Structures are given as structure tokens and as C-alpha cells.
Amino acid sequence: MTVYRTVLLDYRTSNGYGDLVAEGSKTVDQALRLLEELRVGGPGNVADLARRMGVSRSAAGRLLTSLERYRFARRTDTGFDLGYGLLQFSEELGSGLREAATRPLRRLAEEFGETAALAVRDGIHAVAIAQIVPADRVVSIQYRPGTRHLLSVGAHGLAMLADVSLPIEAVDEALVPRLAEAARIGYAVSRDELEPGVTGVAAPIALQNSPPLAAIGIVAPTSRFPEISSVASAVIDAANQVNQAIVGAHVPVSG
């Protein structure tokens, strides 16, 4: 079998198979870059998107045609924009985790009359995937699904970062004491980090012997934020409830 694999690899290399794989990878990379360009830079026509990506118009056109076929891109009056097919992926990703967190989120929102939110870890970022906002507040904080920020800011990000074993040099030195304290007490607090006048308290959700996969907490205007200790106790309980629901139901958490 080893000889066969060696001969097969030599055959693929000598017949340009490796070049085809490399070219295919390049095309996938460009398609993903194009989606990111539409997300960050906004819609554009073929010429504009080609210029923004640094590729030829024909290359941009072929990529857009393929993305449109799978509804990842769509035509608009001004050119192309992100397609609605992406929503299906968004809905599926983390659906099990959202389902497990629905009741704990609702309890938090009802108990404190403030926005309860769930975020997941995506590399060095925290990404909001669910929130419950009380309907009876004239002013409320929105932590909308899709909101993305560094783990090093905001209660949800800090709660997840605090429970991850990282070398000191991998974290801003000024954060080390805060992360150590958050790991010790089981929750993180942020004030005026994501937005001026906003306070958050969040606790990590982690399966046994695994880094935190998410965080659940409360975000509210600083001027009326409830007593920190009572919120902390509630979000820790909520995190435990989500954890138990995931383990008990064998919920898939990665979508």
C-alpha cells in the first residue's frame, strides 16, 4: 500500500495534478476573499470589485457567477451584494447552542429587565449569535447576532479568554490581572469598552476539559445596571444550565 501511494503521488505530481489542486485552492481563496470584500466594503459592480480585489474583470466575473449560482452573491441595481443563501449557513451555525441557551437567556432578560446575550468564540474574536431584548424598555442595548469584536474587549470576550490557557506574551500585559481575576471568580465585567455608557457581565460556557466555546451574560446602560454580584450569580447559573443542556442532550455546538 505504501508503494502504491508513493507511485500515485509521483504520478499526480508529474502530470500536473498538484498544479490543479493549487489552482483550485487559489480559486476557493479568491471566492472567500470576494465574499469578505462584499461584507466589509459593501456592494459593487464587476469592475469595482475586481479593482478592490486586485484581479482582472474576467476573474471577478467568473467568481461572481459561481457565487450567484449558489446564492452566496446576488445582483442588485448597482452590481452585486451578499446573497441570501448565506443566511441558511448563519441559521444552522450554532443552532444547537442557541436552542440550549434560549430559556436561560429569557430568564436573565426577565429577571433583570435588560438585554441577555450569547456569544461564541471565533479565533481571536467573540461573535454574538443570540439576544433577548426586553420589550418594555424605551432605551435598551442591542448586541445583535453577527456583532463581532476582539476577545480582549467586552464581558463576553473576556469571559471566554480568561478560561483559556495562553502564554503571558500572547495577551496584552495590562489584561493579565483582569483575566486572572475573571478566571478566579468565574465571570468577567466590562465598562465602556464596546460602547461608552455600557456595562456587561458574562460567564463562560465550557465543556469539561475544554476551552470555553461561548459566553452568556447581561449588557445594559451603566446608569441603571443592576448590582454586579446579583447579575454575576445569575449569569454563572445560566452558563451552567446551558452546559448541562448541551451535555444532557448531546447538542452539536459547532453547527
Take Tyr70 and decide whether it is without any contact (Cβ under 8 Å) to a residue 40 or more places away in the chain, touching a Lys or Arg at 6+ places or on another chain (Cβ under 7 Å), assigned by TED's automatic domain parsing to the domain that holds Gly41 and surrounded by fewer than 13 Cβ atoms within 10 Å (Cβ to Cβ). no
Only one of (1) over 14 Å from the mean Cα position of the chain (by Cα); (2) part of a helix (DSSP H, G or I); (3) not hydroxyl-bearing (Ser, Thr, Tyr) fails for Leu97. Which number is that? (1)
Filter the stretch 212-237 down to the residues that are part of a helix (DSSP H, G or I) and surrounded by fewer than 16 Cβ atoms within 10 Å (Cβ to Cβ), then identify the one that is nearest to the chain's Cα centre (by Cα). Asp237
Considering Ala59, Ala101, which residue is touching a strand residue (DSSP E or B) at 6+ places or on another chain (Cβ under 6 Å) and at pLDDT 75 or above? Ala101
Condition (residue is assigned to a helix (DSSP H, G or I), modelled with pLDDT of 55 or more, more than 23 Å from Gly146 (Cα to Cα) and hydrophobic (A, V, I, L, M, F, W, C)) applied to the stretch 5-17: is it met by at least one residue? no
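The values are calculated or read from the model by the stated rules, or taken from the named source; none is laboratory data. No experiment lies behind these values; they were computed from the predicted model shown. Heads up, the Cβs are rebuilt from the backbone with ideal geometry, glycines too, and the neighbour counts pull from every protein chain shown.
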